Amino acid sequence: MRISANNIDKNNLPMYESSLFISDINDALMLQLKAGNAKNIARYFATNVTLSILSEDGQYSKFQAEMLLESFFSKNKPGAVKLIQKITNKTNYSYYVYQLTSNKNLFRVL
């Protein structure tokens, strides 16, 4: 599963999350990935999202991306999530790579 980093909308975050965005986005995403909560993951998306999930690859609206995630989670129940790579820099750019273990497979989330 790949979600383009430039599609995260910091303006859509609640006040406490936007002020602590860099340190807290990792924890929030890990919790929501483990819960398989597409709705809460999608709240971090901008209006349009570049998304690749299995054979689905393209530009989607926030709602379409949420539905694709929901479909993915319904077929692949999350079990565990592990942060395997984290890159941050001075310009508030963060890049995370997770390993998602589901009831069927291992997935890499970028």
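Coordinate-derived values only; no laboratory data. Predicted model only: the values in this text are computed from it and were never measured.
Check which residues have an amide H placed less than 5 Å from SER102's amide H, if you skip close sequence neighbours.
Close amide H contacts, sequence-distant or interchain: GLY79, PHE107.
Of the listed pairs LYS34/LYS104; LYS82/LYS104; LYS39/LYS75; LYS39/LYS82; LYS39/LYS86; LYS39/LYS90, which have alpha-carbon separations greater than 22 Å here?
LYS39/LYS86; LYS39/LYS90
Classify the range 28-77 from the C-alpha gyration tensor, please: rounded if a/c falls under 1.5, else prolate or oblate depending on whether a/b exceeds b/c.
Here the range 28-77 falls in the oblate category.
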